[in-house]
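Below is one structure; the comments refer to it alone.
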Amino acid sequence: MAIRGLALNNEIRVYGINSTAIIRKAQKKHQSTPCASAALGRVLSIVALMGMMSNEQKQIISTINGNGPLGAIHAHYQANHTIRGYVDNPQVAIKINEHHKLGIKEVVGSEGTLSVMINYDLKQDYYGMTNLISGEISEDYAYYFASSEQIPSVVSAGVLVDKDGSIISSGALILQLLPNASEKTINYLENCLPKINNLSKTLQNDPQISHLIKSIFDDFIPLDEVAIKFNCPCTKDDMYAKIMTLSIEDLLEIKEEDHGMEVICPWCSTKYHFNEKDLTQLIKTKVNHQKNDQQ
Ligand SMILES: [Zn+2]
């Protein structure tokens, strides 16, 4: 469940999510290692909250590429309250850092960029990009909000992963200063950081994100609450379109040698199989298209 509201005398916007169900589904779909799940989970949790920032947004696509062994992390939020995402290398090996925690930074890398593309209903599309400053993801998004959107923000996202790779709990909080914020509010916000750093652990004990928010801000006013789900709307037709970009020669070769092919949707790891008959039909369609083009 994701929640949006105001706090500290209506001087800050608060966005919070318990994303455990989303990240569990992502982990199950991609069979990702604990480190990969944790990194993807942080990004999905934050981007899901970005989805709550305006009603005019049609979709948000955010990519982090830190040039680490994980490859890029991709997230796609749609206005029907669904999100999907993947990492280039979901099998990246687990690394335990000196604090015996999952080394997110080590797998994400810290030499790279964070990009956000937002499509709006009536406004012009927005594209922003910043350099990564840490590779730990939360700090990178905080920096993105401050420098690209000029909104001073505190971001905390965490995923608690069990030894067997299953997701125990996951969540995120984004706190944004409104232009009228007083010095007192700014100080309070800076001091509340330690309280939200153990977000996933707190959610393990009490899954209600609103309880956590109210424990930090006793004047919290909730404005909106929505259920955001992991969902990929891909179909076999989408994959047809992908195969259609192959040349007739390549398609003939695949048909003769492999008698079929498998196409995997990167967003949800669903496998689509195309048998010899499918390929024959596809080649016919392509040949007809070519004939039409020549006429
Ligand atoms: Zn898919």
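Among the residues of the range 229-266, those that are in a loop (DSSP other than H, G, I, E, B), at negative phi and more than 14 Å from the ligand (Cβ to nearest atom) comprise 244, 245, 246, 247.
Within the range 267-288, which residues are within 16 Å of the ligand (Cβ to nearest atom) and open to solvent by 40 Å² or more (accessible area, probe 1.4 Å)? Spell out how you get there, then give the answer.
Of the residues in the range 267-288, the ones within 16 Å of the ligand (Cβ to nearest atom) are 267-274.
Those that are within 16 Å of the ligand (Cβ to nearest atom) and open to solvent by 40 Å² or more (accessible area, probe 1.4 Å): 267, 269, 270, 271, 273.
Residues that are farther than 25 Å from residue 76 by Cα and open to solvent by 70 Å² or more (accessible area, probe 1.4 Å) were ranked within the range 204-221; the one that is nearest to the ligand (Cβ to nearest atom) is 204.
When we screen 158, 135, 171 for residues that are open to solvent by less than 50 Å² (accessible area, probe 1.4 Å) and either not assigned by TED's automatic domain parsing to the domain that holds residue 104 or not in a strand (DSSP E or B) (or both), the only hit is 135.
Remark: residue 17 matches the filter, which requires a residue to be of a type in the set (Val, Ile, Thr) and crowded, with 24+ Cβ neighbours inside 10 Å. Scanning the range 70-89 for residues that are modelled with pLDDT under 95 and either open to solvent by 60 Å² or more (accessible area, probe 1.4 Å) or not aliphatic (A, V, I, L, M) (or both) yields one hit, 80. Number of residues in the range 41-55 that are surrounded by 24 or more Cβ atoms within 10 Å (Cβ to Cβ) and either hydroxyl-bearing (Ser, Thr, Tyr) or not assigned by TED's automatic domain parsing to the domain that holds residue 81 (or both): the value is 1. The set of residues in the range 1-18 being of a type outside the set (Ser, Thr, Tyr) and part of a strand (DSSP E or B) consists of 2, 3, 4, 5, 6, 7, 12, 13, 14, 16, 17, 18.
Quick grid of which residues meet (1) in contact (Cβ under 8 Å) with a residue 60 or more places away in the chain; (2) within 16 Å of the ligand (Cβ to nearest atom):
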position	(1), (2)
52	yes, no
55	no, no
87	no, yes
104	yes, no
120	yes, no
127	no, no
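The values are calculated or read from the model by the stated rules, or taken from the named source; none is laboratory data. Quick caveat: nothing in here was measured; it's all calculated off a predicted structure. We place every Cβ from the backbone using ideal geometry, glycine too, and count neighbours over all the protein chains shown. We work out accessible area using only protein heavy atoms, side chains counted, and drop any ligands, DNA or RNA first. Shrake-Rupley method; radii C 1.70, N 1.55, O 1.52, S 1.80 Å.
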